[in-house]
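What follows draws every value from the coordinates through simple rules; no lab data is involved. Remember, predicted model here, so these are calculated numbers, not experimental data. Cβ: placed from backbone, ideal geometry, glycine included. Neighbour counts: every protein chain shown.
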Amino acid sequence: MSKLRILVDADACPVKEEIYRVAERHKVPVSVVSNAPFRVPVSALVERVVVSDSFDAADDWIAEQAILRQAQDKRTVVVTGDILLADRCLKAAATVLAPTGKPFTPASIGGAIATRAIMADLRAGADGLMGGPKPFAKTDRSRFLQALDEVLVRLGRTM
């Protein structure tokens with residue numbers, strides 16, 4: 001049984017296929033967590049976890065698993081673009097990557113949470129006149145692949 005696992009906040013994750021490829025290469029199990037079923041590869045390494053459609057059910061499941069795995073001295077990599085989930089997982093000593101390959105760290109999460117709050121306030125006062133985040137690009141996908149590979153190599157060496 002692997003002491004390393006990737007947990008994917010899958011509902012809006014644009015890099016699931018990349019995760020499967022890297023996980024297969026490193027022989028690391030993946031839990032793909034979502035509110036609704038969707039297709040995942042047929043692989044002993046890939047587990048589909050469908051949670052209820054209640055608010056934050058997927059986030060709660062991922063955070064709980066990160067906490068349980070840390071208590072068992074197991075390493076967890078979480079892939080999410082959700083800043084509040086990233087914060088919860090960092091507190092459980094998980095390694096957290098955004099789909100763009102940007103790592104969330106204890107040093108960066110406070111600023112990310114503050115920026116999120118400011119942007120929410122600005123959007124609320126803009127009456128729909130503000131745009132959303134920039135579109136996901138090929139460079140984001142490439143940066144993610146490299147970051148996930150580096151994280152798995154680093155964590156694999158320290159086990």
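Structural remarks
- Rounded tilt (10° steps) of 138-157 against the dominant C-alpha axis of the chain: 40 degrees
- The calculated FRET efficiency for A36 paired with K3, based on their beta-carbon distance and R0 = 30 Å, is about 0.50.
- When you count the other C-beta atoms within 10 angstrom of each residue and take the mean per peptide, 49-57, 85-93 line up highest first as 85-93, 49-57.
- With contributions of -39500 (n - 2.57) from each DSSP H run of at least four residues, the per-residue ellipticity at 222 nm computed over the chain stands at -15500 deg cm²/dmol.
- Computed over the chain, the alpha-carbon pair-distance distribution with 10 angstrom bins reads 10, 38, 38, 11, 2, 0, each value a whole percent.
- Residues of type lysines that K134 reaches as a straight line, Cα spacing below 24 Å, ignoring anything fewer than 8 places off in the same chain: K16, K102
- Taking a ≥ b ≥ c as the square roots of the eigenvalues of the Cα gyration tensor, an a/c ratio of 1.5 or more together with a/b no larger than b/c marks segment 1-78 as oblate.
- Exposure proxy shown here: for K27, K138, K74, the number of other Cβ atoms within 10 Å sets the order, fewest to most, as K138, K27, K74.
- For the chain: relative contact order, % (alpha-carbon pairs under 8 angstrom, 6 or more apart): 22 percent
- Here each label is just a point 7 Å from Cα along the line to Cβ, and for L68 and A107 those points are 3.3 nm apart.
- Difference of contour (0.36 nm per residue) and Cα-Cα distance, A93 to L145: 16.6 nm
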